[in-house]
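Worksheet: the structure to be examined is printed underneath.
Read-outs: derived from the displayed coordinates by stated rules, not from any lab. Note that the structure is a prediction, hence the values are computed from the model and not measured. A quick note on method: Cβ atoms are made from the backbone with ideal geometry, for glycine too, and the neighbour counts reach across all protein chains shown.
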Amino acid sequence: MRAFSRFGITSLALLAALVAGTDLAWAVDGSHAVDRQVDFPVAATAHMQEIINFHNLLLVIITGITLFVLGLLLWVMVRYNARVNPKPATWSHNTLIEVVWTIIPILILGLIAIPSIRLLREGEIVPPNVDLTVKAIGHQWYWSYEYPDHGGMTFDALMLSDEEAKKAGEPRLLGVDNRVVVPVGKVIRVIVTSQDVIHAWTIPAFGSKIDAVPGKLNETWFKAEREGVFYGQCSELCGSKHAFMPIAVEVVSQERFDQWIEEAKKKFAAADGAPTALAAR
């Protein structure tokens, strides 16, 4: 018994250390997932924070229901087993209990449905006051981008090789040669499509995920509340190198964004017409 207790205490201590370490790892910048991560990324948008809050609400509700059902089962096993009740009851139903266990789940589902529907609508309906539009086009296996508000500037974003990522200080399988750059605190509309198969443009820290469908334009939006580099990946199986088409969005000040736009126009204008490098590295 003592050995079991020591084992239990040790296990709990290790679990606590693991969870604490994971939280600290996310607390650095929250830009991308880390090894042994079990929690959400640090929210970079108000929408993502609302998603996290909704998840926490669901966790409380589901945990409460699970514990209640488990406790009820244990109580029935102890209170109504054959040894305690050798003569079984003859009644088959209870109207009050049946009404209660019908009404309470309806109320719980209503409590869940209201914020759920609101979040879905909030993520799908782009606000009218858009500050910048970015078009993302999925390819096998990389993304290309267009800035319609700035002369239709376009560029490709290819994944860095392991050696390039290490040299640039980028996370493995997430770094790209050309990041999407947007200003902080502005409403960014992202128009998404695909040139070949279905892809999905996803940034966890923004709470953004939308399919890129050939021949169709989908749109989403985000408003980043802090500067930094935020990573995502294609989230729709799209072929043998599905795992090698990352997304990197750099959020900067308006002044830095204006400077980047001028530099990028010259850079990508010079590269216009050059053959696109293969994304498979």
Under the helix-only model (-39500 (n - 2.57) for each DSSP H run of 4 or more, divided by the residues of the chain), the mean residue ellipticity at 222 nm, to 500 deg cm²/dmol, is -14500 deg cm²/dmol
With 0.36 nm assigned to each residue of separation and the Cα-Cα distance removed, K216 to I114 gains 33.7 nm
About its Cα centre, segment 132-271 carries a charge dipole, from +1 on Lys and Arg Cβ atoms and -1 on Asp and Glu Cβ atoms, whose size in debye to the nearest 20 is 140 debye
Quick calc, segment 187-226, dipole around Cα centre from Cβ unit charges on Lys, Arg (+) and Asp, Glu (-), nearest 20 debye, gives 160 debye
Taking a crude spin-label model, label points 7 Å out from Cα along the C-beta direction, the I198 to I125 distance in nm is 2.6 nm
Taking Cα pairs closer than 8 Å and at least 6 residues apart, the relative contact order of the chain in percent is 19 percent
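Antiparallel DSSP bridges in the chain: what percent, to the nearest 5? If you can, show how the numbers build up before the last one.
Values: 27 of 39 bridges.
That works out to approximately 70 percent antiparallel.
Could you work out the relative contact order of segment 132-271, using alpha carbon pairs under 8 angstrom and six or more residues apart, expressed as a whole percent?
Numbers: 338 pairs, mean separation 37.5, N = 140.
RCO, segment 132-271: 27 percent.
Going from the alpha-carbon gyration tensor of segment 109-261, what semi-axes, largest first and in whole Å, does one get by taking the root of 5 times each eigenvalue? Each step should come with its number before you reach the end.
Values: eigenvalues 116, 79, 52 Å².
Result for segment 109-261: semi-axes of 24, 20, 16 Å.
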Amide H neighbours of E219 at under 5 Å, excluding residues fewer than 5 places away on the same chain, with H built from the backbone geometry, are V192
Percent of all alpha-carbon pairs of the chain at distances over 25 Å, whole number, is 60 percent
